[in-house]
Amino acid sequence: ETGVTQTPRHLVMGMTNKKSLKCEQHLGHNAMYWYKQSAKKPLELMFVYSLEERVENNSVPSRFSPECPNSSHLFLHLHTLQPEDSALYLCASSQRTGGTEAFFGQGTRLTVV
Amino acid sequence: RKEVEQDPGPFNVPEGATVAFNCTYSNSASQSFFWYRQDCRKEPKLLMSVYSSGNEDGRFTAQLNRASQYISLLIRDSKLSDSATYLCVVNAPDTGRRALTFGSGTRLQVQP
């Protein structure tokens, strides 16, 4: 059982759709992250939130829009995606940013058609 | 130079073998070190933290060499279930980066 829950687990969307990925952590952590992992590639950090404030944005296209309404919830809003955006999207949380171990959700496997 | 470098493998070893992975990091100010395990199409999971004095957890031993800036993971008596990709992870102080830095991983295949 994981302390970080992501929904949905699988998502297929068209390039004109709008969808949202949801992440919830039950660990009392103050930092949350979005990562992207394309097939057979390393993790790519997308966004970092600390106490609901976005503290890092790694040159992610504007078609990805994060939202962190409180320290337990993180969303990734998707619109007008491209097929190359198909990947595993992973949410993680940690006690704080900078050096503590991160715990991952099971991910959302996204396919853009 | 990459911030975290790992041999991608694959390391193909028979059951019962001992296998070791090394990882080098470029930031001499790094202070937090971890090994994660990632199964195919799954999320990374924390395997163990790496402490300055070295640490052991069952069949797994992690060591840190600050002078040479590398960390290692030793797996003894390999099991089929150890087959996975092992990710070396360090923090990046003094860079403004707030997240841990993940290596690309070393793939291990344990064969019967």
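Computed from label points 7 Å out along Cα-Cβ, the spacing between B:A20 and B:S68 is 0.8 nm.
When restricted to Cα atoms, the stretch A:6-72 yields an Rg and a Dmax of 12.9, 36 Å, respectively.
Evaluating 6.51 cos²θ - 1.76 cosθ + 1.60 at θ = phi - 60° for every residue in the stretch B:51-59, the Karplus couplings come out as 9, 4, 8, x, 8, 10, 9, x, 7 Hz, glycine and proline recorded as x.
The equivalent ellipsoid of chain A has semi-axes of 22, 14, 13 Å, largest first, where each one is the square root of 5 times an eigenvalue of the Cα gyration tensor.
Taking the convex hull of the alpha carbon positions in the stretch B:32-81 and averaging its projected area over all directions gives 4.1 nm².
The distance between label points at A:Q95 and A:H77 comes to 3.4 nm (points 7 Å beyond Cα on the Cα→Cβ vector). Here A:K18, B:K42 are placed in order of increasing Cβ neighbour count within 10 Å, fewest first, which gives A:K18, B:K42. Here's how it looks for A:V55: its modeled amide H is under 5 Å from those of A:V48, A:Y49, A:S50, which are all 5 or more places away or on a different chain. Listed values for the stretch B:10-26 are Karplus-derived 3J(HN,Hα) couplings in whole Hz (6.51 cos²θ - 1.76 cosθ + 1.60, θ = phi - 60°), namely x, 9, 9, 10, x, 3, x, 6, 9, 9, 10, 10, 10, 8, 10, 10, 9, and x replaces Gly and Pro.
Quick one: net charge around B:Q111, please, counting Lys, Arg +1 and Asp, Glu -1 for every other residue with C-beta under 12 Å from its C-beta. Mind dumping the intermediate values first?
Details: positive: B:K79; negative: B:E15, B:D82.
That works out to -1.
Which whole number of Å³ per residue matches the convex hull of the alpha-carbon atoms in chain B? All intermediate terms of the calculation are to be shown ahead of the outcome.
Details: hull volume 10.8 nm³, N = 112.
With only Cα atoms used, chain B gives 96 Å³ per residue.
Across the stretch A:23-38, computed HN-Hα scalar couplings (Karplus, 6.51 cos²θ - 1.76 cosθ + 1.60, θ = phi - 60°) run 9, 9, 10, 10, 9, x, 7, 9, 10, 9, 9, 10, 10, 10, 10, 7 Hz from first to last residue, x flagging Gly and Pro.
Sorted from greatest to least, the principal axis extents spanned by the alpha carbons of the protein assembly as shown come out as 50, 40, 35 Å.
Mind listing which chymotrypsin sites (Phe, Trp or Tyr not before Pro) in the stretch B:1-89 are in a DSSP loop and have 12 or fewer other Cβ atoms within 10 Å? Sparse-neighbourhood loop chymotrypsin sites (Phe, Trp or Tyr not before Pro): B:Y51.
Within a straight-line Cα-Cα reach of under 24 Å, B:K45 can be paired with the following lysines, leaving aside sequence neighbours fewer than 8 residues apart in one chain: A:K22, A:K36, A:K40, A:K41, B:K2, B:K79. Label-to-label distance for B:S53 and A:E84 is 5.0 nm, based on points extended 7 Å past Cα in the beta-carbon direction.
Count Lys and Arg as plus one, Asp and Glu as minus one, and take only other residues whose Cβ is under 11 Å from that of B:S78; the net charge is then 0. For B:K79, A:K36, A:K22, the sequence from fewest to most other C-beta atoms within 10 Å is B:K79, A:K22, A:K36. Net charge in the neighbourhood of A:R109 (other residues with Cβ under 10 Å of its Cβ; Lys, Arg +1, Asp, Glu -1) is +2. Whole-percent P(r), the stretch B:2-56, all Cα pairs, 10 Å bins from 0: 17, 46, 33, 4.
Values in this text are rule-based calculations from the coordinates and carry no lab data. No experiment lies behind these values; they were computed from the predicted model shown. All Cβ positions, glycine included, derive from the backbone under ideal geometry; neighbour counts span all protein chains shown.
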